[in-house]
Amino acid sequence: METVVSGIRSTGNLHLGNYFGAIRNFIKMQHEHSCYFFIADYHSLTTHPTPENLHQNVRQVLAEYLAAGLDPEVATLYVQSDLPEVSELYLLLNMNAYIGELERTTSFKDKVRKQPDNVNAGLLTYPVLMAADIIIHRATKVPVGKDQEQNLEMSRKFAKRFNRMYGVDYFQEPYPYNFGEELIKIPGLDGSGKMGKSEGNGIYLSDSEKVIRKKVMSAVTDQGPQTPNSPISEPIQNLFSIMNVVSEPDTLKFFRDRYADCTIRYGDLKKQLAADINQMVAPIRERIEEISENEALLRKVAKMGAEKARESAQKTIREVREIIGFKPF
Ligand code: TYM
């Protein structure tokens, strides 16, 4: 049995990228490993939410975790800010994280490009906080999508550096984990790039059937294949990629064959895709509605998770302080 940690930022509702990149594996792993899944609300502060939004978003993501199938009796579900130990480890790791390497990460460079007016130090040290989240439980496996690969490489770097610096073999190196071979990237339906909250192209687990249909029907396409077996453009490949995770294999094959022999009608492809997404999402959506009204349940889960997670975090902080050389008088 290994220790598993993963988190999702509380910057909005969960979308299909979060589900297929992360949550689906959380559900599978919870019964086999010792799992800690959390809501990254400290991380969400880089985008400056209002106090009302901050709490509302955490609440929503917690309800969605449960609705998607995470069992709080089996896995430890908690809110990141309920673990002040994480911020202490973050501070300690920051001392050995170098500005140059942080500035070179793709996600930081992306943010600088996308939000030049808000390049805060929290964005720069985002991978350090993420490393703290993971190694605070001394986890070895981290179920994430492809976009988090580099952040995890940084986590391994910080864990190894700590060991080297203090001549210990304390932290193990955490590796990204997916049940298939490759880490997953769910694309958006706006032509290129990934599906994401900040990209504004999400199909959410809480979306109604009507909203899903509208989003899928307005997906970017091309003029259609002109010759048999012509290469597939990115927007069409994106539709197929989502179909690959939500539809039956025969359905995907049917449309791929129609593409190959140039008889495909994108309208039909989209209608089928919208129906299949809705079928997958509908039971989760119903549970989200039910659970988000159950204040007592949410409170109980968050409290139970915080207690279990703190126990593990406090042990690590105690040991790390000792390794570093802090001594009580
Ligand atoms: P976040 O909130 O952006 O995404 C949460 C999880 O969903 C995955 N994901 C995707 N996977 C495939 N295709 C997509 N389009 C897609 N969009 C999102 C992400 O890979 C991630 O697994 N930094 C993290 C949160 C975090 C964390 C951690 C994760 C904080 N500390 C420690 C793991 C361990 C983030 O912003 O994820």
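Structure notes:
- Members of the range 116-130 found to be touching a residue at least 60 places away in the same chain (Cβ under 8 Å) and either in contact with a Cys (Cβ under 7 Å, 6 or more places away or on another chain) or farther than 19 Å from residue 152 by Cα (or both), listed by number: 118, 120
- Index of the failed condition, residue 17 passing every other in (1) near the ligand (Cβ under 9 Å from one of its atoms); (2) outside any helix (DSSP H, G or I); (3) not hydroxyl-bearing (Ser, Thr, Tyr): (2)
Listed here are the residues, each with its yes/no results for (1) outside the structural domain of residue 28 (by TED's automatic domain parsing); (2) within 12 Å of the ligand (Cβ to nearest atom); (3) surrounded by 14 or more Cβ atoms within 10 Å (Cβ to Cβ).
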residue	(1), (2), (3)
76	no, no, yes
80	no, yes, yes
109	no, no, no
124	no, no, yes
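- Residues of the range 185-210 that are within 12 Å of the ligand (Cβ to nearest atom), surrounded by fewer than 20 Cβ atoms within 10 Å (Cβ to Cβ) and at pLDDT 95 or above: 185 alone.
- All of (1) modelled with pLDDT of 95 or more; (2) near the ligand (Cβ under 10 Å from one of its atoms); (3) open to solvent by 20 Å² or more (accessible area, probe 1.4 Å) hold for residue 104 with one exception: (2).
- Selection within the range 148-158 - within 13 Å of the ligand (Cβ to nearest atom) and in contact (Cβ under 8 Å) with a residue 24 or more places away in the chain: 148, 149, 150, 151, 152, 154, 155, 158
- Neighbours by Cβ (under 7 Å, 6+ apart or cross-chain): first from the range 76-88, under 9 Å from residue 306 (Cβ atoms); second among the basic types (Lys, Arg) and open to solvent by less than 10 Å² (accessible area, probe 1.4 Å): none
- Counted as qualifying within the range 87-203 are the helices (runs of 4 or more DSSP H) with 2 or more residues that are within 18 Å of the chain's Cα centre (by Cα), namely 106-114, 126-135, 149-166.
- Any chance residue 61 is within 14 Å of the ligand (Cβ to nearest atom) and within 20 Å of residue 138 (Cα to Cα): no
- Scope the range 245-259; condition in a helix (DSSP H, G or I) and open to solvent by 30 Å² or more (accessible area, probe 1.4 Å); matching residues: 245, 249, 250, 253, 254, 256, 257, 258
- Condition met for residue 30 (open to solvent by less than 40 Å² (accessible area, probe 1.4 Å), modelled with pLDDT of 95 or more and away from the ligand (no atom under 14 Å from the Cβ)): yes
- Residue among 234, 199, 173, 182 that alone is free of Cβ contacts under 8 Å to residues at least 24 places away in the same chain and among the charged types (D, E, K, R): 199
- Selected residue (only one of 156, 213, 164 is over 21 Å from residue 244 (Cβ atoms) and either β-branched (Val, Ile, Thr) or open to solvent by 50 Å² or more (accessible area, probe 1.4 Å) (or both)): 164
The values are calculated or read from the model by the stated rules, or taken from the named source; none is laboratory data. Just so it is clear, the model here is predicted, and its values are computed rather than measured. When we count neighbours, we look across all protein chains shown, and the Cβ atoms used for this are built from the backbone with ideal geometry, even at glycine. These accessible areas exclude ligands, DNA and RNA; they are computed on the full protein's heavy atoms, side chains included. Shrake-Rupley method; radii C 1.70, N 1.55, O 1.52, S 1.80 Å.
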